[in-house]
1. Whose amide H sits under 5 Å from the amide H of residue 326, counting only residues 5 or more places off or on another chain, with H placed in the peptide plane?
2. Compute the distance from the alpha-carbon center of the range 1-58 to that of the range 165-194, in whole Å.
3. How would the chain be classified by its alpha-carbon gyration tensor: rounded, prolate or oblate, with rounded meaning a/c under 1.5 and the a/b versus b/c comparison settling the rest?
4. Can you tell me the order of 299-305, 204-210, 52-58 when each peptide is scored by its average per-residue count of other Cβ atoms within 10 angstrom, highest first?
5. I'd like the FRET efficiency for residue 244 and residue 286, computed as 1/(1 + (r/R0)^6) with the beta carbon distance as r and R0 of 45 Å, rounded to 0.05.
6. Which far-off residues, 5 or more places away or on another chain, put their amide H under 5 Å from the one on residue 80, with H placed in the peptide plane?
7. Around residue 52, what is the net charge, scoring Lys/Arg as +1 and Asp/Glu as -1 over all other residues with Cβ under 12 Å from its Cβ?
8. Which whole-Hz couplings ³J(HN,Hα) result when phi for each residue of the range 220-226 is put into the Karplus expression 6.51 cos²θ - 1.76 cosθ + 1.60, θ = phi - 60°, listed in order with x for Gly and Pro?
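Any read-out appearing in this document is the output of simple, stated calculations on the displayed coordinates, not a laboratory observation. Everything numeric in this text was worked out from a predicted model, so none of it was measured. Don't worry about glycine lacking a Cβ; one is built from the backbone with ideal geometry, like all the others, and counts go over all protein chains shown.
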Amino acid sequence: MIRERHLFGPGPSNPYPEATRALAEPLLGHLDPEFLRIMDETCEMLRTVWGTSNARTLPLSATGSAGMEAAFVNTVHPGDVVVVAVNGLFGQRMTDVAARCGAEVVAVEHDWGQPVDVDRVLTAHPAPAIVAAVHAETSTGVRSDIAALGAGLRSQGSDALLLVDAVTSIAGIELRADDWGVDIGYAGTQKCLGVAPGLAPFTIDDRAFERRVEKPRSWYLDLGMLGGYVGEAGVKGGQRTYHHTAPTAMVNSLHGGLTRILEEGLDAVWARHQAAGDALQAGLQEMGLELFAAEGSRLPELTTVKVPDGVDSAAVRAELLQRHGIEIGAGAGAYASSVWRIGLMGRNARPDAVLLVLAALEDVLR
Ligand code: PLP
């Protein structure tokens, strides 16, 4: 038996009970009418959490990184200029994925811990095909202003597609894909959606879909073929075609998590994340700890803390896990041993979780 942990790292988070319970329900076949109903409802609920009416909104059967690959492999034509805002590990990963798809990548580098500088990104190239950015940089705990990026592209009269990573933002902080002009977005289930890792909620608008690569170099992630798999609700009258065996248990679990989130209300869920993050960040500072992410751009769902001088970062994390059953994350990249990442995502965005992690940290650091 695995002892239950408090998953207060950068993800996965502890799932919502509704998501966990759904995993124990009888397994359905992937073409069972009951499953097709669950898939349809899941896609509809995903539209709500994305803030989109895109018909092509679906859970891809793989983790967030596959969402990233699907985004680029379906939209980058060889030689396309892709401007990528890089302010952490996942922006960096985007440059790698885009280059592998044949893009001419223009990376707009930022200091880690800073939000994306919208003006620098908008002026990085006169006519990019795609502009890409991470909404919530999990490596640094920073939120970037996607609304401003989308508005900037529109006011420039640019016809670049806006491609956004919402892995750590979806169902945690405000996300309005349509209002902000997001053309392509991908996410993951294991963070604020409060579901186990394994699916990548994905959305693409008509404009981006029409400009897609006809035969992308990935068969599995070919959005042209995947449309039939989810019945392309509202696009082709719901005709289903077999593409791959849907992970029915995971989709049912996502359905459970989304139902829970929408019953609580998206605004209330965002407010709950904000309150938990504010309380955690205030408590850490009261303990004399310093936060890493730039003030004004701190994510509530993921807090980055500087490891105090002379403290063994890995030993503290190990003791938190052994003595208190609490997982927190190490820093990413160059900050692996100088930063901790504390996530209060999904079900964990609660006052009692704040108190628990603060008390445990105080105990271990004493
Ligand atoms: N993008 C961001 C912002 C992430 O935080 C992550 C994972 O932590 C990913 C992409 C990759 O997702 P996955 O690890 O589920 O493949």
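1. For residue 326, the qualifying residues are 6, 321.
2. First find each Cα centre; the distance between them is then 15 Å.
3. Values: a/c = 1.98, a/b = 1.24, b/c = 1.59.
Taking the square roots of the gyration eigenvalues as a ≥ b ≥ c, the chain is oblate.
4. Top to bottom by mean Cβ count within 10 Å: 299-305, 52-58, 204-210.
5. Values: r = 50 Å, r/R0 = 1.12.
After rounding to 0.05, the efficiency reads 0.35.
6. When sequence neighbours closer than 5 places are left aside, the close amide H contacts are 104.
7. Details: positive: 47, 56, 176; negative: 44, 178, 179, 183, 205, 206.
For residues surrounding residue 52, the net value is -3.
8. 5, 9, 5, 5, x, 7, 5
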